[in-house]
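What follows is one structure encoded as structure tokens, with my remarks underneath.
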Amino acid sequence: MIKGGKIVNGAGNPWFRADVAVKDGKISEIGLLGDVEAEKVIDADDLVVSPGFVDLHNHSDFEIMLNPRAESIIRQGVTLIVVPNCGSGVAPLNEEMKEELRKRGGVSVDWSTFEEYLRKLDGIGSSINVAPLIGFGTIRRYVMGYEMREPTIGELNQMRAEVEKAMKAGAFGLTTGLRYVPQSYAKTEEVVELAKVAAKYGGFYATHQRDEGDLGDPMGSVREVIEIGEKAGLPVNISHFKILAKPFWSKCNEILRIIEKARSRGIDITADQYPYTASGTGPSAWIPKWASEGGNRQLLERLRDPELGKQIEEGLAEVTELRGGPEAALIGSYPLNRDYVGKTVAEVARELGGNPTDVFFDLFKAHVEKLVAGETSGSFGIVNFNMSEENAEAIMRKPWVMVSTDSSIQAPSPGKVSTVHPRNYGTYPRVLARYVREKRVLSLEEAVRKMTSLETQRLGVFDRGLIAKGMWADITIFDPETVIDKAEYVPQEESQRYPEGIPYVIVNGVVTVEKGRHTGALAGKVLRKR
């Protein structure tokens, strides 16, 4: 029994005070229930009782097996994550892909198909619910490797078949990351053909669109998302929606109008967003796409070639400048030299006495050399300050934009040498603290709707996301006056701090965070599209 809380039910309705009874994993009663006996009673006086938050854009399809307690995400009040995203997942796998995944360690990579992967998740268990998508990039690599060309008819049919297998196994839709190789090699029609398969099974399409600004055509990229949805006949969602290059900041309202015009003519298009003005990626996404054709070995050959290497360096420099320059590129992880972590590329260049463009290229080249030699499997990560607060708030106000983390599951580690993007630990509390309580960009009820029922609606799950009788009891209880994110960009220890003000999180009726501490419960389920 949850007694006396302010119910924010997830539908956008004004809060009301009531008790919530939970039985057999579901919400059994709502109202002023008096002295009804319960095995456990939670006093929620002056606290908000809301549906568990949903993270439509998460990257923990591998990490959930390493850390089934899901500390960094459940401490934010999240009870359901959707994985993978940006088109890149861990199924299906061929032998080469399996070997790469094994280098990450910690899990026996004993699955090949998407269905086998879901069964693996079932067997491990977790503290949160997991809803799967099928990754376009994973399928393209599985069938075609890193080849920069159109698929043959046979290859296209093979990719269609893999999407169909995944949808039959329970995937909720198709995810793409058309900014990344080998997905960036695909033309729109290729994506449409695979999206049609997902549509046949009632799925939706989620995409890290082809260009968020740094390639020079964000308007055209949004139009491509709309075209895919229209031609394939399925709902579409723009992942981590943003405008990340300063020359295009002024185009935000125009891009929003393109989306709203599509919605007005019946295209079911939505977006998700994290509440930060820094993105997180790596320099491999900033170099010309032709440079990565064939994988890292071929990339290294091109980096070592004087003429091709110069072209790659110029491409890297151009994108870096559009994204704010070397001062805006904070090194989040660099396995070759821990001393660089938490410093900008410009700061490292000053330490080394070199030109920032040359230093950035040299760091990247050295990392690729170690990857190819098998001497590291770590990533070269950049936290990149490239967005405007004004645009972030304009996007956030739109009723069709939901909240997401774009994170992977973490747990604080004193010896961890990386600057974790604070979105990994603080996304949902940050919205509630900064954009509801402090800046009043959103009302409390609207913020919760964007974190709950709007996300389950997009996902196509209708027995979660609301405080209502008969719903699964995924419930987050927080203090609206004190909830706050505590994670910062630097130093490293402060990027790995849990939020405050979320004393209880309940998953499928099981108390999993109690008085701010993880109980160890593994009550999450692997959901499947039916």
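Give the residues of the range 139-183 that are free of Cβ contacts under 8 Å to residues at least 60 places away in the same chain, of a type in the set (Asp, Glu) and over 23 Å from Ser239 (Cα atoms), sorted by residue number.
Selection gives Glu150, Glu155.
At least 2 residues that are closer than 22 Å to Val436 by Cα in each: list the strands (runs of 3 or more DSSP E) lying fully within the range 446-516 that qualify.
Output list reads 475-478, 504-507.
Return yes when Asn13 is surrounded by fewer than 23 Cβ atoms within 10 Å (Cβ to Cβ), in contact (Cβ under 8 Å) with a residue 24 or more places away in the chain, part of a loop (DSSP other than H, G, I, E, B) and under 29 Å from the mean Cα position of the chain (by Cα) and no when it is not.
yes
Suppose the filter is crowded, with 24+ Cβ neighbours inside 10 Å and either of a type in the set (Ser, Thr, Tyr) or touching a residue at least 40 places away in the same chain (Cβ under 8 Å) (or both); does Arg528 pass it?
No: the conditions fail for Arg528.
Of the numbered conditions (1) free of Cβ contacts under 8 Å to residues at least 40 places away in the same chain; (2) touching a His at 6+ places or on another chain (Cβ under 8 Å), Gly123 fails exactly one; give the number of that condition.
(2)
Could you grab me the full set of residues in the range 228-256 that are within 14 Å of Asn391 (Cβ to Cβ), charged (D, E, K, R) and in a helix (DSSP H, G or I)?
Lys246, Lys251, Glu254
Please identify the pairs in which a residue from the range 26-43 that is surrounded by 10 or more Cβ atoms within 10 Å (Cβ to Cβ) and at pLDDT 95 or above has its Cβ atom under 7 Å from the Cβ atom of a residue that is assigned to a strand (DSSP E or B) and of a type in the set (Phe, Trp, Tyr), counting only partners at least 6 apart or on another chain.
Note: pairs meeting the criteria are Lys26/Trp472; Ile42/Tyr504.
Looking only at residues that are surrounded by fewer than 20 Cβ atoms within 10 Å (Cβ to Cβ) and more than 21 Å from the chain's Cα centre (by Cα) in the range 454-470, which one is nearest to Arg397 (Cα to Cα)?
Phe462
Could you run through the range 473-519 and say how many residues are buried (at least 23 other Cβ atoms within 10 Å of the Cβ), farther than 16 Å from Asp19 by Cα and hydroxyl-bearing (Ser, Thr, Tyr)?
Residues meeting the conditions: 2.
Which of (1) assigned to a helix (DSSP H, G or I); (2) under 17 Å from His57 (Cβ atoms); (3) among the β-branched types (Val, Ile, Thr) is the odd one out, the single condition Thr405 does not satisfy?
The one condition Thr405 does not meet is (1).
Kindly indicate whether Val225 is under 19 Å from the mean Cα position of the chain (by Cα), assigned to a helix (DSSP H, G or I) and crowded, with 22+ Cβ neighbours inside 10 Å.
Working: under 19 Å from the mean Cα position of the chain (by Cα): yes; assigned to a helix (DSSP H, G or I): yes; crowded, with 22+ Cβ neighbours inside 10 Å: yes.
Against the criterion (under 19 Å from the mean Cα position of the chain (by Cα), assigned to a helix (DSSP H, G or I) and crowded, with 22+ Cβ neighbours inside 10 Å), Val225 qualifies.
Only one of Lys365, Lys370 is surrounded by fewer than 22 Cβ atoms within 10 Å (Cβ to Cβ), in contact (Cβ under 8 Å) with a residue 40 or more places away in the chain and not in a loop (DSSP other than H, G, I, E, B); which?
Sole residue among the options that is surrounded by fewer than 22 Cβ atoms within 10 Å (Cβ to Cβ), in contact (Cβ under 8 Å) with a residue 40 or more places away in the chain and not in a loop (DSSP other than H, G, I, E, B): Lys365.
Can you tell which of Ala329, Ala366, Ala392 is under 30 Å from Leu66 (Cβ atoms) and out of contact with any helix residue (DSSP H, G or I) (no Cβ under 7 Å at 6 or more places or on another chain)?
After ruling out the rest, the residue left standing is Ala366.
Has the range 352-359 got any residue that is closer than 20 Å to Ser379 by Cβ and over 28 Å from the mean Cα position of the chain (by Cα)?
So far as the range 352-359 goes, yes, one or more of its residues are closer than 20 Å to Ser379 by Cβ and over 28 Å from the mean Cα position of the chain (by Cα).
Quick check on my filter: what residues within the range 370-401 are over 21 Å from Arg102 (Cβ atoms) and of a type in the set (D, E, K, R)?
Glu389, Glu390, Glu393, Arg397, Lys398
Checking the conditions here, which among Leu80, Leu118, Leu66 is in contact (Cβ under 8 Å) with a residue 60 or more places away in the chain, surrounded by fewer than 18 Cβ atoms within 10 Å (Cβ to Cβ) and touching a Gly at 6+ places or on another chain (Cβ under 9 Å)?
Within the list Leu80, Leu118, Leu66, the selection yields Leu66.
Looking only at the range 22-62, filter to residues that are part of a loop (DSSP other than H, G, I, E, B) and within 30 Å of Ile238 (Cα to Cα); which one of those is nearest to the chain's Cα centre (by Cα)?
Here the residue is His57.
Residues of the range 63-95 being assigned to a helix (DSSP H, G or I), in contact with a helix residue (DSSP H, G or I) (Cβ under 9 Å, 6 or more places away or on another chain) and within 21 Å of Arg141 (Cβ to Cβ), which ones?
Met65
Just one of (1) closer than 21 Å to Leu322 by Cα; (2) among the aliphatic types (A, V, I, L, M); (3) crowded, with 21+ Cβ neighbours inside 10 Å trips up Val236, so point out which.
Just one mismatch for Val236, condition (1).
Matching residues to (1) hydroxyl-bearing (Ser, Thr, Tyr); (2) crowded, with 16+ Cβ neighbours inside 10 Å:
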{"position": "Ile139", "(1), (2)": "no, yes"}
{"position": "Val163", "(1), (2)": "no, yes"}
{"position": "Ala166", "(1), (2)": "no, yes"}
{"position": "Thr175", "(1), (2)": "yes, yes"}
{"position": "Ser184", "(1), (2)": "yes, yes"}
{"position": "Glu189", "(1), (2)": "no, no"}
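The values are calculated or read from the model by the stated rules, or taken from the named source; none is laboratory data. The model shown is predicted, which means the values in this text are computed figures rather than measured ones. Ideal geometry is used to build each Cβ from the backbone, glycine not excepted, and the neighbour counts take in all protein chains shown.
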